[in-house]
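No lab work stands behind these numbers, since they all come straight from the coordinates. Quick caveat, the model's predicted, so the values are computed rather than measured. Cβ sites come from the backbone with ideal geometry, for glycine too, and all protein chains shown count toward neighbours.
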Amino acid sequence: MENEFLFIKNQVDNCKLCGLGSTRTNAVFGMGNPEAEIFLIGEGPGHDEDIKGLPFVGRSGQLLDKILEACGFNRKEHVFIGNIVKCRPPENRIPTSLERETCIPYLYRQIQLVNPKIIVLLGATALQGLIDPSAKITGLRGKWMEWDNRLVMPTYHPSALLRSPGLKKEAWEDFKKVVFKYRELVDSGHYSAHC
């Protein structure tokens, strides 16, 4: 599996299939445990991610790490983090449908290799990219769904929580459901001080 991951990472790092390949600084393959039971999916790299070549390393990433810590999770052991698109759209705009369609086969392959039991969709672009292009995050967040025989929990993107702190309570309720499901499916003794 490690060789397969390296092969896909090499493809991503050298990808020029859409215009984002020529405007990026670094492609952002993803990071985390390649055997994680939880796969987090975001929209795409922002400025900090584009510079460092890693997902969720800016302010949104710091908040995500706090949420994961409150759940008793961490990036190295419990989760793998990927994005709908692997390159930063200019000015952090939402990826176009063509950019999403061009890039998402990489994500599908990552999901197959990691083979998680739980997928967490962070924000509308992740929800629309994986489930339904017309789906609304406000209507579906917090509700378990199924995709490719895996349980999927849509919730707000950490950047939305930074813009609208009032959404944090709802997002925390969503993540508590993920913790409870993780205990049910993976580790009944999983510890979180907060739920």
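Which one is surrounded by the fewest Cβ atoms within 10 Å (Cβ to Cβ), of the residues in the stretch 62-72 that are within 22 Å of residue 114 (Cα to Cα) and free of Cβ contacts under 8 Å to residues at least 40 places away in the same chain? So, considering only residues that are within 22 Å of residue 114 (Cα to Cα) and free of Cβ contacts under 8 Å to residues at least 40 places away in the same chain, the one surrounded by the fewest Cβ atoms within 10 Å (Cβ to Cβ) is 69. Do we find that residue 160 is farther than 20 Å from residue 36 by Cβ and of a type in the set (A, V, I, L, M) in this structure? Yes: the conditions hold for residue 160.
A residue that is touching a Phe, Trp or Tyr at 6+ places or on another chain (Cβ under 9 Å), among the aromatic types (Phe, Trp, Tyr) and more than 22 Å from residue 28 (Cβ to Cβ) can be found somewhere in the stretch 178-192.
Every condition in (1) among the basic types (Lys, Arg); (2) farther than 16 Å from residue 42 by Cβ; (3) assigned to a helix (DSSP H, G or I) holds for residue 100 except the one numbered (2).
Here residue 59 meets the list (1) exposed (fewer than 15 other Cβ atoms within 10 Å of the Cβ); (2) in contact with a Lys or Arg (Cβ under 7 Å, 6 or more places away or on another chain) almost entirely, failing just condition (2). Of all residues in the stretch 13-31, those that are of a type in the set (Val, Ile, Thr) and part of a loop (DSSP other than H, G, I, E, B) total 2. For the stretch 138-150, name all the residues that are surrounded by fewer than 18 Cβ atoms within 10 Å (Cβ to Cβ) and either of a type in the set (D, E, K, R) or assigned to a strand (DSSP E or B) (or both). Within the stretch 138-150, 143, 145, 146, 147, 148, 150 meet the criteria. For the stretch 86-109, the tally of residues that are closer than 17 Å to residue 23 by Cα, without any contact (Cβ under 8 Å) to a residue 24 or more places away in the chain and of a type in the set (D, E, K, R) stands at 2. When we screen 55, 34 for residues that are touching a residue at least 40 places away in the same chain (Cβ under 8 Å), in a loop (DSSP other than H, G, I, E, B), in contact with a Phe, Trp or Tyr (Cβ under 9 Å, 6 or more places away or on another chain) and closer than 23 Å to residue 116 by Cβ, the only hit is 34. Applying the criterion of being touching a residue at least 12 places away in the same chain (Cβ under 8 Å) and aromatic (Phe, Trp, Tyr) to the residues of the stretch 1-31, the residue that is surrounded by the most Cβ atoms within 10 Å (Cβ to Cβ) is 29.
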